[in-house]
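Everything below concerns the one structure shown next.
The values are calculated or read from the model by the stated rules, or taken from the named source; none is laboratory data. None of these values were measured; they are calculated from a predicted model. Using ideal geometry, Cβ is built from the backbone for each residue, glycine included, and neighbour counts are taken over all protein chains shown. Areas reflect the complete protein model, heavy atoms only, side chains present, ligands, DNA and RNA absent. Shrake-Rupley method; radii C 1.70, N 1.55, O 1.52, S 1.80 Å.
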Amino acid sequence: IIKSYNHTVEAVAAEPLMPEKVQTPVKAEEDRPSKPKPPTAAVPPEVRLEKPLQDDMLKHTNEGKGGLGKPALSMFLEGFNKQKAIDLLYWRNVKQSGAVFSSVLLLLFSLTQFSVVSVGAYLALAALSATISFRIYKSVLQAVQKTDEGHPFKAYLEIEISLSQDQISKYADKILLYTNTCMKELRRLFLVQDLVDSLKFAVLMWLLTYVGALFNGLTLLILAVVSMFTMPVVYEKHQAQIDQYVGLIRTQVNSVVGK
C-alpha cells in the first residue's frame, strides 16, 4: 500500500501544471492580419497581352458565327442605304461605279436589240458556261494534283440568301404605301378635285405624247441612266457656272409666267 501511494504521488508531481484557459475575443475577418502574398515574378508585356488578345479573337469569332446565320440578301439590303447610292452616282469608287454603269447600259442596249426572254436566256447561258467550266477545271486540277479541296463554290452554297419575314414585311409596307398614295393622287387628278392641278396634268400628258413620238421607253431609260451617272459629277465640278445659268433661266421663266 505504501509503495502504491508513493508511486501515485510521484506521478502527480511529474505532471506539468496546466495554465488556466483565458477567454479571448474572436477577431473579425478584417481584424486578422492578412498573410503576406508571395512575390510575383515579372511578367513580360507579351504574356500579359496574350489573354486579352485571345478574348478579342474569341469575341470576333463568335460575332462572325452570329453573322453567318443572317441571310446574305438581308445584309445586302440593310447595307445599301442612301449614302452608298450617292457614292455610287458620284463615282467615289471608280471601279464599282464603272462596273454598275457598264452592266446596266449593256443590259439596256441588249434589250433594244433582243426580247426580254432572249436576253434572260443568254445571260443564264453565259453564267452557266462560266460556272461549269470553272467546276470542271477545278476537278481536273484536283485529280492531277491529288488534292481534296472539295466543291469550288462550297462557300457560296452555304450562304443563306433567303429574305427574312421582317424584311418582306418592311418592303411590302413601303410598296403598299406608295401604291395607295399613287392611286389617291390619280383619283384626285382624273376626277378633277382641283381644276388647276388637273389642267397641269393634262398639259404634262400632252407633252409626253411628243416625247413618246421621238423616243421609246428603253431609250428614255438609257438617257436617264446616263444622266444619273454623269450629271452629278459634272454639277459637282462646275457648280458655280451651272447655278449662274440656271438662275438666269429661272428669272426669264418667272418673268414670262408673270406676264
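Structure values in brief
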read-out: In the range 181-222, the residues that are modelled with pLDDT of 90 or more, among the aromatic types (Phe, Trp, Tyr) and closer than 30 Å to Gln113 by Cα; value: Trp206, Tyr210
read-out: Count of the range 117-136 residues which are surrounded by 12 or more Cβ atoms within 10 Å (Cβ to Cβ) and of a type in the set (A, V, I, L, M, F, W, C); value: 4
read-out: Pair list, Cβ under 9 Å, 6 or more apart: the range 89-110 residue part of a loop (DSSP other than H, G, I, E, B), other residue aliphatic (A, V, I, L, M) and surrounded by 13 or more Cβ atoms within 10 Å (Cβ to Cβ); value: Tyr90/Val233; Trp91/Val233
read-out: Filter result for Thr219 (in contact (Cβ under 8 Å) with a residue 24 or more places away in the chain and of a type in the set (S, T, N, Q)); value: yes
read-out: Single residue of the range 52-109 satisfying the filter (modelled with pLDDT of 55 or more, aromatic (Phe, Trp, Tyr) and open to solvent by 80 Å² or more (accessible area, probe 1.4 Å)) that is farthest from the chain's Cα centre (by Cα); value: Phe109
read-out: Matching option when the condition is touching a residue at least 12 places away in the same chain (Cβ under 8 Å), open to solvent by less than 60 Å² (accessible area, probe 1.4 Å) and of a type in the set (Gly, Ala, Ser), among Ser162, Ser198, Ser139; value: Ser162
read-out: Residue list for the range 164-209, restricted to those being under 28 Å from Leu220 (Cβ atoms) and in contact with a Ser or Thr (Cβ under 6 Å, 6 or more places away or on another chain); value: Leu189
read-out: Count - residues of the range 159-174 that are in a loop (DSSP other than H, G, I, E, B) and at pLDDT 90 or above; value: 0
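Residues checked against (1) closer than 30 Å to Arg92 by Cα; (2) surrounded by 11 or more Cβ atoms within 10 Å (Cβ to Cβ); (3) charged (D, E, K, R):
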{"position": "Gly150", "(1), (2), (3)": "no, no, no"}
{"position": "Tyr178", "(1), (2), (3)": "no, no, no"}
{"position": "Leu186", "(1), (2), (3)": "no, yes, no"}
{"position": "Leu191", "(1), (2), (3)": "no, no, no"}
{"position": "Val203", "(1), (2), (3)": "no, no, no"}
{"position": "Trp206", "(1), (2), (3)": "no, no, no"}
{"position": "Thr209", "(1), (2), (3)": "no, no, no"}
{"position": "Thr219", "(1), (2), (3)": "yes, yes, no"}
{"position": "Val225", "(1), (2), (3)": "yes, yes, no"}
